[in-house]
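J.: The structure follows.
The values are calculated or read from the model by the stated rules, or taken from the named source; none is laboratory data. No experiment lies behind these values; they were computed from the predicted model shown. Glycine also receives a Cβ, built like all others from the backbone with ideal geometry; neighbour counts cover every protein chain displayed.
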Amino acid sequence: MNEGTRIFDVTIGGTPAIAPGPEDAFSAAYPRLSALAAGADPASVVVAAVGPDGEVAGAALVAARSAVVVGRHSECHLRLPHASISLRQIVILVRPPDGGAPIVHLWDLHTPQPMLTEGNRPGGALIVDGATCLTIGPYALWVVPARGVAGRGWPSDAFAALLARPRVQYLDQKPPEPAMPHAAPARAARAAHTGDDSWGSWPERTLITRVPPPVVLDASDDGPPVGSLRFRYAGQDERYQVSAERLARGVLVGRYDRCNVLAADDDINAISRVHVLLVRIGGEVWAIDTASTNGVWLGDREVFAEVLDDRCSLGLGTVGWLDWQAL
């Protein structure tokens, strides 16, 4: 489990129902969210899922530079047991702020039922610099900076907090150019709105940037390669070159068909169906363990959300290796 991540998991029962609305879910989750945020590092984020019965199904405090996986699998950090939820549904990564709100990256892991934003917009992948509410099946999932929805702490009640919430603005962006960080589109949009390029104060509005979701790992790719991958497992040896756009969207590696690794050997079960997400954010290439059963390893050290060197080899369970080399 990630350092800096505390988990509270409550199984809910009942039949499928519509997820609660953002306001009702926020009111239900507010005591848990505010309790998690109390005394937390201001660069961290609190997350809570509320089920159709109005009860908190699970919550987590996520430190900067760490990640949690939400899904039905027992290895998920925030487990939602309803049958409509995929075993591994979404990944949430928190990046430290540059004076303002932490930057939160969310990826749907090629699931049949992607997450929806508050306006019921499909969200294959999102970048958020404030508080947001997502719908995942019958759950409402609130993601809130530990500094509160307005960056000024947590009022005594949820209604006061919602009144102070900045307005939400949605942006649709393509993946960044090779030298541009993911946060740049949001920063540029904010500068155009406020008239300056200050990043040191809390934003006047929450910016949610929708970017293309992760893609399967296959032999076809377009654009000049920025890195190469070598995937070794059960006697197989596969090599890929990855473009900047492909890597900025994210590459899923595993044995499920959405990852395009379809080994039939029983030994390959040590590699999870969705084992790891490899993604480039700015000048960094991240490897994020997507709640795998047997872990992701750098040498003898298990890693959960790790920035990779220009050349390294990741162990996937006990039978697979993913070699990364920047070009």
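Residue by residue, here is whether (1) over 24 Å from Ile271 (Cβ atoms); (2) among the β-branched types (Val, Ile, Thr); (3) surrounded by fewer than 23 Cβ atoms within 10 Å (Cβ to Cβ) holds:
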{"site": "Val62", "(1), (2), (3)": "yes, yes, no"}
{"site": "Ala67", "(1), (2), (3)": "no, no, no"}
{"site": "Val70", "(1), (2), (3)": "no, yes, no"}
{"site": "Glu75", "(1), (2), (3)": "no, no, yes"}
{"site": "Leu80", "(1), (2), (3)": "no, no, no"}
{"site": "Ser84", "(1), (2), (3)": "yes, no, yes"}
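J.: Checking the structure you have, find out if any residue of the range 155-166 is at pLDDT below 85, on the phi < 0 side of the Ramachandran plot, touching a Gly at 6+ places or on another chain (Cβ under 9 Å) and outside any strand (DSSP E or B).
T.: There is no residue in the range 155-166 that is at pLDDT below 85, on the phi < 0 side of the Ramachandran plot, touching a Gly at 6+ places or on another chain (Cβ under 9 Å) and outside any strand (DSSP E or B).
J.: Hey, another quick one. Could you please find all residues in the range 279-288 being at pLDDT 95 or above and assigned to a loop (DSSP other than H, G, I, E, B)?
T.: Listed by number, the list is empty, since nothing qualifies.
J.: Could we say that Gly254 is within 18 Å of Gly71 (Cβ to Cβ) and over 16 Å from the mean Cα position of the chain (by Cα) here?
T.: yes
J.: Write out, first by first residue and then by second, each pair whose Cβ atoms fall under 7 Å of each other, whose residues are 6+ apart or on separate chains, and whose first residue, in the range 38-55, is part of a loop (DSSP other than H, G, I, E, B) while the second is of a type in the set (Ser, Thr, Tyr) and surrounded by 21 or more Cβ atoms within 10 Å (Cβ to Cβ).
T.: Pairs found: Gly51/Tyr139.
J.: Hey, could you check the range 294-326 for residues that are among the hydrophobic types (A, V, I, L, M, F, W, C) and assigned to a loop (DSSP other than H, G, I, E, B) and say which is farthest from the chain's Cα centre (by Cα)?
T.: This residue is Val319.
J.: Quick check on the range 38-49. Is at least one of its residues farther than 25 Å from Asn294 by Cα and among the charged types (D, E, K, R)?
T.: yes
J.: Find all pairs meeting these conditions: Cβ atoms under 6 angstrom apart; at least six residues apart or on different chains; first residue within the range 277-299 and over 17 Å from Val70 (Cα atoms); second residue surrounded by 24 or more Cβ atoms within 10 Å (Cβ to Cβ) and charged (D, E, K, R).
T.: The qualifying pairs are Val296/Asp289.
J.: Against the condition assigned to a loop (DSSP other than H, G, I, E, B), modelled with pLDDT of 90 or more and buried (at least 18 other Cβ atoms within 10 Å of the Cβ), how does Ala291 come out, does it pass?
T.: Criteria met by Ala291.
J.: Continuing with this model, one more query. Within the range 65-76, is even one residue in the same structural domain as Trp154 (by TED's automatic domain parsing) and under 25 Å from Leu163 (Cα atoms)? Can you show your working first?
T.: Residues of the range 65-76 in the same structural domain as Trp154 (by TED's automatic domain parsing): 65-76.
Cutting the leftovers down to under 25 Å from Leu163 (Cα atoms) gives us none.
Within the range 65-76, not a single residue is in the same structural domain as Trp154 (by TED's automatic domain parsing) and under 25 Å from Leu163 (Cα atoms).
J.: Before we move on, is Gly151 surrounded by 14 or more Cβ atoms within 10 Å (Cβ to Cβ), touching an Asp or Glu at 6+ places or on another chain (Cβ under 9 Å) and modelled with pLDDT under 95?
T.: no
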